[in-house]
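S.K.: One structure coming up, written as structure tokens, with questions to follow.
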Amino acid sequence: MTPTLPHQGGPPDEPRRLTEDPRHKARRRALTLLIIVLLIGVPAGYLVISANQSRNSGKDKEAKYAATGLTPGWPSKVQRRLYQVTVPHPADSTAAYETNNWKTSRLYVQFRTNAAGLDAFLQSMGARRDELRKGDSAISARDQKVSGWHFSGTGWWGLTHAQKNPAPTQDVVVNMSDPSSPMVYVVSRTVP
């Protein structure tokens, strides 16, 4: 027979371990789950939202650059500044189209305004209304073909505002058939 050894107890200075209350255990697990959701779910949700916005932005840009003619709406502020085309307020029937190549960049803009808006537009270019020449189609046949504009009939006035490079040169044609709401067509070209 082998003698039985007495059972050894733990060290006297170590506190006794308490068993965990079931409510406390459930609360701890819920808190752990919440932290996991916040650490994984929030960034994942952000990535999904960001990816959708990025994809939509790409589609907008693709549509803009796939345009092959005048697109309704105002030219961007950057385009207006680069090509020195100030669209006055009020203006409606506004459309724009930009072409770029290694030789020349052009911005085509059309809008309808009132008499004061026409004067403000011409003044922003450094021109005056009395510089408009009756029957002058300042916009070339090539630019008319690109933009889809056709200047026939009466009531057309035009001017070319030439500037030294790199400042843009603007060709302007105004339909004055209705003097209270003239329709303005502008081709601003610059050499990069």
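Each reported figure results from applying straightforward, stated rules to the coordinates on display, with no laboratory input. Since the model is a prediction, treat every value here as computed from it, not as a measurement. Positions of Cβ are backbone-derived with ideal geometry, glycine not excepted, and every protein chain shown enters the neighbour counts.
S.K.: Apply the Karplus curve 6.51 cos²θ - 1.76 cosθ + 1.60, θ = phi - 60°, to the phi angles in the stretch 108-119 and return the couplings in whole Hz, x for Gly and Pro.
M.R.: 9, 9, 10, 6, 10, 9, 9, 4, 5, x, 4, 4
S.K.: Another question about this same structure. What net charge do the residues around N100 carry, taking every other residue with its C-beta under 11 Å from that of N100, with Lys and Arg at +1 and Asp and Glu at -1?
M.R.: It works out to a net charge of +2.
S.K.: Moving on. Near L122, within a Cβ-to-Cβ distance under 10 Å, what is the net charge of the other residues, with Lys and Arg +1 and Asp and Glu -1?
M.R.: Charge balance near L122 sits at -1.
S.K.: Once a ≥ b ≥ c are taken as the square roots of the eigenvalues of the Cα gyration tensor of the stretch 125-192, is the result rounded (a/c under 1.5), prolate (a/b larger than b/c) or oblate (a/b not larger than b/c)?
M.R.: Because a/c hits 1.5 or more and a/b fails to exceed b/c, the stretch 125-192 counts as oblate.
S.K.: Which far-off residues, 5 or more places away or on another chain, put their amide H under 5 Å from the one on V85, with H placed in the peptide plane?
M.R.: Correct list: empty.
S.K.: Work from the charge dipole of the stretch 42-192 (Cβ charges, +1 for Lys and Arg, -1 for Asp and Glu, about the Cα centre) and give the residue of Q123, P166, V48 farthest towards its positive end.
M.R.: V48
S.K.: Measure up K77/K145; K103/K145; K103/K134 against 24 Å on the Cα-Cα distance and list the ones that go over.
M.R.: Where the Cα-Cα span goes over 24 Å, the pairs concerned are K77/K145; K103/K134.
S.K.: Here's a follow-up. Can you give me the long-range amide H partners of T71? Hydrogens built in the peptide plane at 1.01 Å from N, cutoff under 5 Å, separation of 5 or more residues or another chain.
M.R.: Hits under the 5 Å cutoff: A96, Y97.
S.K.: Tally Lys and Arg at +1 and Asp and Glu at -1 over the other residues with C-beta under 11 Å from the C-beta of P182: what net charge comes out?
M.R.: It works out to a net charge of 0.
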